[in-house]
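> Below you'll find the structure I mean.
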Amino acid sequence: MKTLKIAIQKSGRLNEKSVELLKNCGLNFENYKSSLISPVSNFPLEILFLRDDDIPEYVQDGIADLGIVGENVIQETEVEVSYLQKLGFGKCSLKIAVPNNNSITALEQLNGKAIATTYPVILGKYLAEKNITSDIRTISGSVEISPGLGLSDAICDLVSTGGTLKSNGLVPFADVMSSEAVLIGQKGSENDDLVQELIQRIQSVLRAKETKYVVLNVERKNLNAVTALLPGVKSPSVVPLAEGDWVAVHTVIPERDFWDRISQLKQAGAQGIVVMPIEKIIL
Ligand code: ATP
Ligand code: MG
């Protein structure tokens, strides 16, 4: 039987969440830091642990069928792969930043200026689109110290909280792209049954993460007011309680408007609200 290969980052910002996602999909494997390949015991899959920069090309060339990597790395390497699923972690943006004592206020002022980056391809396309010609200086790391050293006038680097920029006396100036971890596959791999099975498992884990399971009690006379506030996967389940006038309502609600919903539910007469995490939602 065919065995799929999925490439994930060996160590770094995406490693832990990638491993967690695969484990939450019910895949059993050892996560030894020393090994480069780990077989999954309960699914025809092998996990390859690689530098993130190598993942897009490995997937394009079919050395791995699938990969988990930041969109920024995919765009920079300009590979031909299929985007299969956004994964909701590793969120960051690629930004141009300038020293905080600078006089640059408009993008045109970057004309003729030196910008240090590890993302010359993405930055080059962005500047070309805006008709700006800067001197792109490609360096391999520690981009944020280059203006202080007099190596560049600005930088273009990944930012999540902005803490690194701030501590180096830089302020974000323009958003070049936003990025998150994505599942990619070799072109055409989306037609493979095993790949589809894995995508479905991943989607069920992601859906579950976005929602909570809620059980609450309500008097029958307030039931309509309460159910009007509940979306649910279908309609909520309503279960009679021993005390005749009361029912228990079971449903799922989105994490993002969780607290708003809960206070609205209380106002509508809900009591004894129990909220639980969901492991998987299979539609
Ligand atoms: P590797 O050793 O695998 O080459 P790396 O040092 O190139 O790792 P990391 O710093 O671990 O890469 O970042 C991996 C990915 O995490 C980035 O490509 C990006 O998609 C994402 N990311 C999220 N937040 C940040 C951030 N603040 N800075 C850098 N990358 C971030
Ligand atoms: Mg890297």
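The values are calculated or read from the model by the stated rules, or taken from the named source; none is laboratory data. Please read these numbers as outputs of a predicted model, since none were measured by experiment. Every residue, glycine among them, receives a Cβ derived from its backbone with ideal geometry; neighbour counts consider all protein chains shown. All accessible areas refer to the heavy atoms of the entire protein, side chains included, with ligands and DNA or RNA removed. Shrake-Rupley method; radii C 1.70, N 1.55, O 1.52, S 1.80 Å.
> Output the qualifying pairs, or none if there are none: Cβ atoms under 7 angstrom, residues six or more apart or on different chains, first residue in the range 7-25 and within 13 Å of A181 (Cα to Cα), second residue within 16 Å of ligand 2 (Cβ to nearest atom) and open to solvent by 50 Å² or more (accessible area, probe 1.4 Å).
Close Cβ pairs satisfying both conditions: A7/Y58.
> Filtering the range 172-194 down to residues that are in contact with a strand residue (DSSP E or B) (Cβ under 6 Å, 6 or more places away or on another chain) and either over 23 Å from F89 (Cβ atoms) or among the hydroxyl-bearing types (S, T, Y) (or both), which residue is surrounded by the most Cβ atoms within 10 Å (Cβ to Cβ)?
S179
> Which of (1) modelled with pLDDT of 95 or more; (2) within 21 Å of I202 (Cβ to Cβ); (3) not charged (D, E, K, R) does N31 not meet, given it meets every other one?
(1)
> Restricting attention to the range 245-255, does a residue exist that is of a type in the set (A, V, I, L, M, F, W, C), free of Cβ contacts under 8 Å to residues at least 24 places away in the same chain, touching a Leu at 6+ places or on another chain (Cβ under 9 Å) and over 30 Å from Y83 (Cβ atoms)?
Scanning the range 245-255 turns up no residue that is of a type in the set (A, V, I, L, M, F, W, C), free of Cβ contacts under 8 Å to residues at least 24 places away in the same chain, touching a Leu at 6+ places or on another chain (Cβ under 9 Å) and over 30 Å from Y83 (Cβ atoms).
> Moving on. If we only count strands (runs of 3 or more DSSP E) wholly inside the range 114-161, which ones have 3 or more residues that are under 15 Å from N72 (Cα atoms) and within 23 Å of the chain's Cα centre (by Cα)?
154-159
> Right, here's the next one. Considering the range 21-60 alone, what residues qualify as being out of contact with any strand residue (DSSP E or B) (no Cβ under 8 Å at 6 or more places or on another chain), more than 22 Å from S189 (Cα to Cα) and within 15 Å of ligand 1 (Cβ to nearest atom)?
K33
> Before we move on, is I47 within 16 Å of ligand 2 (Cβ to nearest atom) and either surrounded by 18 or more Cβ atoms within 10 Å (Cβ to Cβ) or outside any helix (DSSP H, G or I) (or both)?
No: the conditions fail for I47.
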